[in-house]
Amino acid sequence: MPKRDVVSWNSMIAGYSRYGLPMDALCLFKSMQFAQVQPNEHTLVALLSACSELGSLSHGRWFHLYINRHDMNPNIFIATALIDMYARCGSLKCAEKVFKNMYKRDTLAYNAMLHGLAIHGHGHEACDLFLEMENSGVKPDGVSFLSLLCACTHSGLVDKAKWFFELMQMAHNIKPRLEHYGCMVGVLGRAGLIEEAHALIERMPLEPNAIIWRSLLGACTIHGNVELGEACLDHLCKLDPENSGNYVLLSNIYAKTNRWDDVGKLRKVMRERGVRKMPGCSAIEVGGVVQEFVMGDHSHPFSREINSMVEEIFRRLQGVGYIASKEEVMFDIEDEEREWALSCHSEILAIAFGLISTESGVLITLVKNLRICGNCHSLVKLVSRIYSREIDVRDGTRFHHFREGTCSCKDFW
Ligand code: ZN
Ligand code: ZN
């Protein structure tokens with residue numbers, strides 16, 4: 001373009017941010033400043049959303065300061081983007097502060113706050129906020145109820161979830177979408193009400209998608225229901241044949257019920273169908289730089305130091321009696337590389353890097369693309385205790401705050 005105005009810069013920044021290239025969005029903002037084009041509120045909303053995507057609290061804070069310094073009008077859109085950024089970057093406190101300071105709140109602002117409470121597992125607070133929302137006359141929409149159901153799922157509040165599911169249809173005339181059904185199946189299944197969850201799927205007016213079947217399969221895994229689990233996998237093989245997660249879940253049911261032959265058969269089917277595991281990837285921010293780690297990656301410049309840190313972690317964990325659970329590792333990798341590959345799960349590499357590159361006492365925050373596995377979850381709990389470190393992990397599902405050997409999810413995720 002011979003000449004670019006704020007609108008063209010904004011479109012490009014928002015495009016990067018929306019399509020999974022948050023780093024490029026932030027870089028483009030630098031070029032925009034060099035070109036001496038003044039950003040407006042739309043620029044900042046797009047940039048804050050890039051920070052959320054990246055999980056970069058330091059960049060997010062910087063933009064918050066930028067907004068204050070440049071006396072930009074802290075309107076409802078910017079405030080909502082700030083709430084979302086703080087919540088998704090791990091600072092629920094700051095999100096709440098921004099929310100409380102808003103002089104006027106609309107549905108979107110409430111939705112951002114509800115979503116924040118949901119991913120941090122604050123189910124009861126989300127319910128309270130909903131009451132406040134109703135009392136102040138702000139109308140909830142489908143997204144508000146989705147966050148509420150999601151909050152109930154993460155906190156195991158079955159009755160509340162049922163109540164909200166009824167309320168949205170009866171009092172607010174909102175037709176549940178697939179995502180709402182997905183949450184309901186999740187909350188019922190996790191509570192062990194597997195038959196009720198199955199019945200709900202059977203009578204839904206929409207065609208259930210892979211997410212819904214996977215949610216039921218996940219519940220079958222927790223409660224060791226082999227038959228229904230196999231039925232779920234049948235559906236999943238038609239709807240989402242490439243996804244290795246389906247096979248992993250079923251294999252976990254087999255392992256849990258000691259059906260090792262079936263585990264072997266399933267692995268063979270996976271190989272024949274050419275199903276591959278999606279690589280896990282964890283990002284950590286140290287000194288304002290976001291670094292990414294993938295399983296088994298040794299290309300990092302500090303790879304040697306990271307590896308010896310990983311070894312040290314394992315030595316110290318074994319000292320306190322840590323044993324990796326066989327069920328989960330079993331399916332992950334070939335047996336001979338089991339021990340090593342487990343230590344190489346991307347979040348462990350990122351945490352090892354965090355431990356060597358930050359001062360003691362500094363909070364370690366990571367963002368992981370997939371759900372954290374049970375082994376890594378217990379491992380990180382112990383690391384938080386042994387190294388006296390607070391560790392926050394945002395995985396594919398929710399936030400985990402590891403403190404002194406426990407996690408805020410109370411092992412429920
Ligand atoms: Zn893991
Ligand atoms: Zn957790």
Looking only at residues in the stretch 393-413 that are closer than 21 Å to residue 56 by Cα and in a loop (DSSP other than H, G, I, E, B), which one is nearest to ligand 1 (Cβ to nearest atom)? 395
Have a look at 348, 323, 333, 313 and point out the one that is at pLDDT 85 or above, closer than 27 Å to residue 263 by Cα, within 16 Å of ligand 1 (Cβ to nearest atom) and aliphatic (A, V, I, L, M). 348
Checked against (1) within 12 Å of ligand 1 (Cβ to nearest atom); (2) more than 17 Å from residue 118 (Cα to Cα); (3) in contact with a Gly (Cβ under 7 Å, 6 or more places away or on another chain), residue 377 satisfies every condition except (3)
Looking at the structure I just gave you, is residue 253 within 23 Å of the chain's Cα centre (by Cα), closer than 30 Å to residue 351 by Cα and either buried (at least 17 other Cβ atoms within 10 Å of the Cβ) or not assigned by TED's automatic domain parsing to the domain that holds residue 351 (or both)? no
Residue list for the stretch 380-392, restricted to those being within 13 Å of ligand 1 (Cβ to nearest atom) and part of a loop (DSSP other than H, G, I, E, B): none
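If you check residue 204 against the conditions, is it in contact with a Phe, Trp or Tyr (Cβ under 7 Å, 6 or more places away or on another chain) and of a type outside the set (Ser, Thr, Tyr)?
Details: in contact with a Phe, Trp or Tyr (Cβ under 7 Å, 6 or more places away or on another chain): yes; of a type outside the set (Ser, Thr, Tyr): yes.
So residue 204 passes the test.
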Per the filter on the stretch 30-71, residues open to solvent by less than 30 Å² (accessible area, probe 1.4 Å), under 23 Å from the mean Cα position of the chain (by Cα) and among the hydroxyl-bearing types (Ser, Thr, Tyr) are 52, 56
Taking only the stretch 294-324 into account, find how many residues are hydrophobic (A, V, I, L, M, F, W, C), open to solvent by less than 70 Å² (accessible area, probe 1.4 Å), within 19 Å of residue 284 (Cβ to Cβ) and not in a helix (DSSP H, G or I). 1
From the option list 378, 384, single residue qualifying as surrounded by 17 or more Cβ atoms within 10 Å (Cβ to Cβ) and free of Cβ contacts under 8 Å to residues at least 24 places away in the same chain is 384
Taking first residues from the stretch 43-68 that are in the same structural domain as residue 85 (by TED's automatic domain parsing) and second residues anywhere that are buried (at least 23 other Cβ atoms within 10 Å of the Cβ) and among the β-branched types (Val, Ile, Thr), the pairs with Cβ under 7 Å that are 6 or more apart or on different chains are 43/13; 46/13; 47/13; 55/365; 55/367; 57/365
Can residue 27 be described as within 19 Å of residue 292 (Cα to Cα), part of a helix (DSSP H, G or I), open to solvent by 40 Å² or more (accessible area, probe 1.4 Å) and not hydroxyl-bearing (Ser, Thr, Tyr)? yes
Is it the case, given these coordinates, that residue 285 is of a type in the set (Asp, Glu) and buried (at least 19 other Cβ atoms within 10 Å of the Cβ)? yes
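Every residue, every condition in (1) at pLDDT 90 or above; (2) within 16 Å of ligand 1 (Cβ to nearest atom), yes or no:
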| site | (1), (2) |
| --- | --- |
| 241 | no, no |
| 246 | no, no |
| 249 | no, yes |
| 269 | no, no |
| 274 | no, no |
| 290 | no, no |
| 297 | no, yes |
| 305 | yes, no |
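The values are calculated or read from the model by the stated rules, or taken from the named source; none is laboratory data. Quick caveat, the model's predicted, so the values are computed rather than measured. Every residue, glycine as well, gets a Cβ built from its backbone with ideal geometry; the counts of neighbours run over all protein chains shown. Surface accessibility is based on the protein's heavy atoms, side chains included, excluding ligands, DNA and RNA. Shrake-Rupley method; radii C 1.70, N 1.55, O 1.52, S 1.80 Å.
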